[in-house]
Amino acid sequence: MRHPKVSDCVDVFDSLWPPALAESWDTVGLAVGDPDAEVRSILLALDPMDAVIAEAVVLEADLVFNHHPLMLKPVKSVNAATLKGGAVHTLISNDIALFNAHTNADSARGGVSDVLISLLGITDSQPLTPHVSGPAPDPELASTGIGRVGDLPAPTAVRDLARQLSQKLPRTTTGVRIAGDPAAMVTRVAVCGGAGDSLFDAVRSHGAEVYVTADLRHHPATEALDTANRREGGLELIDVSHWASETVWLAAAADALEAEFAARGFTVSLQHSAVNTDPWVERF
Ligand SMILES: [Zn+2]
């Protein structure tokens, strides 16, 4: 067994989370690194915060695999005195590559929303907004897309679903919150890992009775609960921590990576970051 190069790692990542699945506004792929460098260990994390990069330095990781991009928007300088430039400098001076799979990992089968909906015992689901792969649809990418919708085996109270999620997701300061009727009995569940309040139309058009997502803001939430909208069929909301909704995917990602590296004859150590990048630390 040999160690992969950075370029081999990129091939493995792209086979699991094809970059063609990323949203047009997104930034995915290798952000920092020499494709020819050898990779003995990979650190998996959600956010490329400086604490995560410092952890990679201490652990002597050769590559940091992230969900969120370091440079979502173009940067014009990597001056070490700036936030992004400082991160790039630290990475390069310690020979650490940085790669991220973001909306392509949300969209892919086995991705963020698949893992989230499976926590509720739903294994048969479809995307809320299917990925459109152009005039000649790629069969490999069929059944991919943002969010998931599926049916529970039996009608369940929203309160019980929220409780179930609070037990299966890592504990967070903001916890799990319900908007709407906690006692409503629901079967059809929509989920979107991370911030999902732009998907209400898709959630409604799929006939979902409850929507599980993160970062729900006041106005989209109150509009979703408005009586006019509820006349067309009630929609209850469960809001979870953005970090929690996505961090559960990292374990599934590590399993998929381990299998794929082994299948290609590579040996590489995979570690999960111990840094909790959920920004909220206390509530009163
Ligand atoms: Zn996210």
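Some points to look at:
- Summed over segment 79-114, residues that are free of Cβ contacts under 8 Å to residues at least 24 places away in the same chain and within 15 Å of the ligand (Cβ to nearest atom) total 0.
- Test result for VAL12, among the β-branched types (Val, Ile, Thr), touching a Cys at 6+ places or on another chain (Cβ under 8 Å), away from the ligand (no atom under 16 Å from the Cβ) and outside the structural domain of PRO130 (by TED's automatic domain parsing): no
- Members of segment 198-218 that are surrounded by 15 or more Cβ atoms within 10 Å (Cβ to Cβ), away from the ligand (no atom under 13 Å from the Cβ) and either part of a loop (DSSP other than H, G, I, E, B) or within 13 Å of the chain's Cα centre (by Cα) (or both): LEU199, HIS206, ALA208, GLU209, LEU216
- Some residue of segment 172-195 being assigned to a loop (DSSP other than H, G, I, E, B), crowded, with 17+ Cβ neighbours inside 10 Å, within 16 Å of the ligand (Cβ to nearest atom) and of a type outside the set (Ser, Thr, Tyr): no
- Condition met for LEU165 (buried (at least 16 other Cβ atoms within 10 Å of the Cβ), in contact with a Lys or Arg (Cβ under 9 Å, 6 or more places away or on another chain), of a type outside the set (Val, Ile, Thr) and under 24 Å from ASP47 (Cβ atoms)): no
- Residue among ASP239, ASP215 that alone is in contact with a Gly (Cβ under 8 Å, 6 or more places away or on another chain) and at pLDDT 95 or above: ASP215
- The combined condition, being surrounded by fewer than 17 Cβ atoms within 10 Å (Cβ to Cβ), among the acidic types (Asp, Glu), farther than 26 Å from LEU43 by Cβ and in the same structural domain as LEU128 (by TED's automatic domain parsing), is not fulfilled by GLU236.
The values are calculated or read from the model by the stated rules, or taken from the named source; none is laboratory data. Fair warning: this is a prediction, and the values are worked out from it, not measured in the lab. Because the Cβ atoms are built from the backbone with ideal geometry, glycine has one as well, and the counts that use them run over all protein chains shown.
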